[in-house]
Amino acid sequence: MKIKERLIDRLLGAAITEKVEAGIKERLKAASTTDKEDIGWRKLTGDTNRNLSPLTQDRMIEISFWLWENNPLANWLIEIIKDFLLAEGLPYEAKNENVKAVLDGFWFDPLNRMDIYLEKYVRELFMYGELCFPVFKATQTGKVRLGYIDPAQIKEVVTDPENIKAVIGVILKDSSGQAGRKFKTILPRDAETILSKSAQALRDGYTDGECFFFAINNVTNSPRGRSELLVAADWLDAYEQFLFDYADKWPLLNTFVWDMTVEGGDEDAINNQIKAFTKKSGSIFGHNEKVKLAPSTPDLKSVDAAEGARLFRNHILGSKSIPEHWFGGGGDVNRATAVEMDSPAYKSLSSKQRYFKYILESIFELVIDSARDARYLNVTDEEAGQYSVTTPELSSKDLIKNSTVIRETTTSLVLAETNEWISKDTARQVFSMVIGYLGVEIDYDSEKEKLKEEGEKKGFEDYKE
């Protein structure tokens, strides 16, 4: 230790130590109490609310809309999900004609026009992460009409204080951003009977109507939804900026200058050579061995830029389980590897499709129940539930591959049955399962009865089961 340091330590060491200890005690005290300075901070293990802050939620909604409207890749990410999930034609079927008529009346209602608005709703669900529909019912017929609430107008989504899984209400903002109208959320059948007393008391105060509320990309204790673009928002912006910068640089790649060397020439000699040089295409420039002329182009590493763009793009697409060849970039992909790379994308889309079906089923359940409550639809509980939501097949079937599997399996089943390794009944069951890969569903029991009837008609009294 130097002399200066020893003197400082001897004269001031105690004071410094005392000051440091006082500072530590003060910080410990602040960490153990809650005052104004602690507002906005939370313990890692102490807060079970996973919602974004209101300002962050509003900012996310605005950013997601801006990206969808201005960023081609962001727009494509939302549109490709929408296009995969929507089926052409009516996405529902019903066995009972009266139930079908009620669903059709809702679907094609002049204000609902679900055949047009469904596409918008799916887009907005993945853009904003939420959908909120206020519901209006006709007194005489029970006919249901849906409104629409911009997620940016939602101030709070309220859950049962004793069961966060139950979303019991939606509070909107008023003109000043404070709490405004309060809507009860429409719950599944009999769900209100299992709400806590405090939840029921809260719902009694929500007197501005009923609404559907749906949210995606959230966790159980975070009722507010998240945009599909949230996780990649910064990267989407960086990728777009990268391409803009490259676009600014691109004109420079198409420029060049003539590099003229005049050995031993002074300024006058060089200027004379430049004047003698004709820049028109096809012209002749005569010179001796002391004058050299060559075009010079900039080397701005365009290959590196292409690799950089691919790196950005794959980072974004990979976050959504989408392979690069879906976005027009073939890369090193051939048909065989493309099929394998598609699997994660189809799994991800299948998960989204299940939630999309849940949304439609929830709405259809209300439409049918409302018509029954108004005595406009008179059907049994069984008939009321005999409807289904249809969704498009996500993956294209490889018919050649499936045909090979079916042929080989059939040959094996015949051999196994002939050698009495399996029964005829088992062979039929396996064949019915395998043929399903072509999209043909065979009801084994029904086919068995048909085969028996055909055998009896042909006089095969010894028809084998």
- Out of segment 73-82, which residues are of a type outside the set (Phe, Trp, Tyr) and in contact (Cβ under 8 Å) with a residue 60 or more places away in the chain? Leu73, Ala74, Leu77, Ile78, Ile80, Ile81
- Note on the structure: Heads up, the strands (runs of 3 or more DSSP E) in segment 173-262 (entirely inside) with at least 1 residues that are over 32 Å from the mean Cα position of the chain (by Cα) are 257-262
- Message: Checking the structure you have, find out if any residue of segment 191-199 is modelled with pLDDT of 90 or more, more than 14 Å from Thr159 (Cα to Cα) and charged (D, E, K, R).
- Response: no
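Answer yes or no as to whether Ile81 is more than 15 Å from Ile363 (Cβ to Cβ) and either surrounded by 15 or more Cβ atoms within 10 Å (Cβ to Cβ) or of a type in the set (S, T, N, Q) (or both).
Yes; evaluated as a whole, the condition is true for this residue.
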- Can you spot a residue in segment 376-383 that is farther than 23 Å from Ser350 by Cβ, at pLDDT 85 or above and aromatic (Phe, Trp, Tyr)? yes
- Message: Taking the criterion of being on the phi > 0 side of the Ramachandran plot, surrounded by fewer than 20 Cβ atoms within 10 Å (Cβ to Cβ) and of a type outside the set (Val, Ile, Thr), would at least one residue in segment 143-163 satisfy it?
- Response: no
- Message: Cβ-Cβ distance below 6 Å, separation of 6 or more or different chains: which pairs start in segment 355-375 with a residue that is of a type in the set (Phe, Trp, Tyr) and end on one that is buried (at least 20 other Cβ atoms within 10 Å of the Cβ)?
- Response: Phe356/Leu85
- Task: Out of the residues in segment 389-428 that are surrounded by 15 or more Cβ atoms within 10 Å (Cβ to Cβ) and closer than 28 Å to Glu93 by Cα, state the one that is modelled with the highest pLDDT.
- Result: Val389
- Item | Failed condition for Val102, given (1) crowded, with 18+ Cβ neighbours inside 10 Å; (2) in contact with a Leu (Cβ under 8 Å, 6 or more places away or on another chain); (3) closer than 25 Å to Tyr206 by Cα | (3)
- Condition met for Ile194 (of a type outside the set (Asp, Glu) and closer than 30 Å to Ile81 by Cβ): no
- Task: Considering only segment 129-163, state which residues are of a type in the set (Phe, Trp, Tyr) and farther than 17 Å from Leu360 by Cβ.
- Result: Phe136
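Taking segment 65-105 as the search range and keeping residues that are of a type in the set (D, E, K, R) and closer than 17 Å to Tyr355 by Cβ, which one is modelled with the highest pLDDT?
So the residue we want is Lys82.
The values are calculated or read from the model by the stated rules, or taken from the named source; none is laboratory data. Keep in mind that what you see is a predicted model, and the values were worked out from it rather than measured. Here Cβ is always computed from backbone atoms with ideal geometry, including for glycine, and neighbour counts include all displayed protein chains.
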